[in-house]
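Written below as structure tokens is the structure these notes are about.
The values are calculated or read from the model by the stated rules, or taken from the named source; none is laboratory data. Everything quoted here is computed from the prediction, not taken from an experiment. Don't worry about glycine lacking a Cβ; one is built from the backbone with ideal geometry, like all the others, and counts go over all protein chains shown.
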Amino acid sequence: MFDTIIMEDNSQKIQYCFPDNNLSCFKNIKPEVEYVVLYVFISLLSVFTVFLNLLVIISISHFKKLHTPTNLLILSLAVADLIVGLIVIPLMGIRFIESCWYFGETFCSLFSFIIFMVVTASLGNLFFISVDRYIAVSDPLRYTVRVTTDKVIFCIIINWLCCGIYSVIILHNTMFYPETHNRCYGDCTVSFNFEHFITDLIVTFVAPSSVIMSIYMKIFCVAKHQAKVVNSVTGVSRSQRKAGKTLGIVVAVFFMCWIPYYIATLIEGNEFTDSVELNVTCWIMYMNSCMNPLISLMFYKWFRISAKHIVTLKILNPSSEHFSLFPDDK
């Protein structure tokens, strides 16, 4: 009798992602309150991220005065953040809460590709933004000649194309030969050997991050030592310098959100367990996608004005693309 009760209790505690499949993964059972809190958090984070980045995308796409090379790079970054909010956060949230992947092996491979491509594309966008700001500060007289819309569009296309190709290469086995990975049915994780992990860390984070930080150090030095000369000779506006500082904050926040995750993965090595540290740093990393438009909202007056026009539907008015977003500029 006692043994029967134990067996019944165990059967209630142990659940499977796919009960009809003998190879199914185990499903972690959480308290009902925890389910509700996590789903509310994931839903709000996803909606907030999508909404804010849509404001950036619509603003830069709609208003003619925002069609500048720098803003095109910000637009590309917002697209990457939008994908995170629209696809990555909801699906990763479901997988985290349910501890199961319910969307099939094919979409698991595609989902892994999307994550890797968006991550590398975001860092690539920040790299081009830093180069753009360096040219604007160090060579303002020839900025409009050296940095044109066509050149920036070409860089954006190359960035996304290279990130897509790299993601296919690094995920080749996971995408095309998922059966070679010893995992249960209902699992969707990317497994690397330690050598591939270190290579990916250097190629997609350490190397570009080092270049970006060195460029911003140069920007800081140039801005500090030549500010008076630049103002007197070229008449560079305060908004131009403020743009450099704001984008510098974007880069700094990016590193603050991503470095803890890479430290956690280095500690974990090639054993990708669901540790508390890894989960916390992972979600801090995803939250970066809603911080970028928040920074723009706080520091760019034109973004606050354009967002107001969008929310109040004034962009539906005829010739709304020519609205003045810079009331201080005469």
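For region 297-310, enumerate the residues that are of a type outside the set (S, T, N, Q) and in contact (Cβ under 8 Å) with a residue 12 or more places away in the chain. Selection gives 297, 299, 300, 301, 302, 303, 305, 307, 309, 310. Here region 258-268 is the region considered, the condition is being more than 13 Å from residue 200 (Cβ to Cβ) and either of a type in the set (A, V, I, L, M) or at pLDDT below 60 (or both), and the residue that is surrounded by the most Cβ atoms within 10 Å (Cβ to Cβ) is 264. When you scan region 152-165, how many residues do you find that are touching a residue at least 12 places away in the same chain (Cβ under 8 Å), within 16 Å of residue 203 (Cα to Cα) and surrounded by fewer than 20 Cβ atoms within 10 Å (Cβ to Cβ)? Qualifying residue count, region 152-165: 3. Confirm whether residue 126 is of a type in the set (A, V, I, L, M), within 24 Å of residue 67 (Cβ to Cβ) and out of contact with any Ser or Thr (no Cβ under 8 Å at 6 or more places or on another chain). When the stated conditions are applied, residue 126 passes them. Residues of region 32-75 that are outside any helix (DSSP H, G or I) and among the β-branched types (Val, Ile, Thr): 68 alone. Considering every residue within region 13-25, establish whether at least one is in a helix (DSSP H, G or I) and either at pLDDT below 95 or under 28 Å from the mean Cα position of the chain (by Cα) (or both). Within region 13-25 (the criterion being in a helix (DSSP H, G or I) and either at pLDDT below 95 or under 28 Å from the mean Cα position of the chain (by Cα) (or both)), the answer is yes, since at least one residue qualifies. For region 19-27, the criterion of being of a type in the set (Ser, Thr, Tyr) and surrounded by 14 or more Cβ atoms within 10 Å (Cβ to Cβ) is satisfied by at least one residue. Checking residue 276 against (1) surrounded by 15 or more Cβ atoms within 10 Å (Cβ to Cβ); (2) over 23 Å from residue 76 (Cβ atoms); (3) under 23 Å from the mean Cα position of the chain (by Cα): exactly one of these is not met. Which one? Of (1) surrounded by 15 or more Cβ atoms within 10 Å (Cβ to Cβ); (2) over 23 Å from residue 76 (Cβ atoms); (3) under 23 Å from the mean Cα position of the chain (by Cα), only one is false for residue 276: (1).
Restricting attention to region 166-176, and to residues there that are among the hydrophobic types (A, V, I, L, M, F, W, C) and surrounded by 12 or more Cβ atoms within 10 Å (Cβ to Cβ), which single residue is nearest to residue 202 (Cα to Cα)? If we take residues in region 166-176 being among the hydrophobic types (A, V, I, L, M, F, W, C) and surrounded by 12 or more Cβ atoms within 10 Å (Cβ to Cβ), then 170 is nearest to residue 202 (Cα to Cα).
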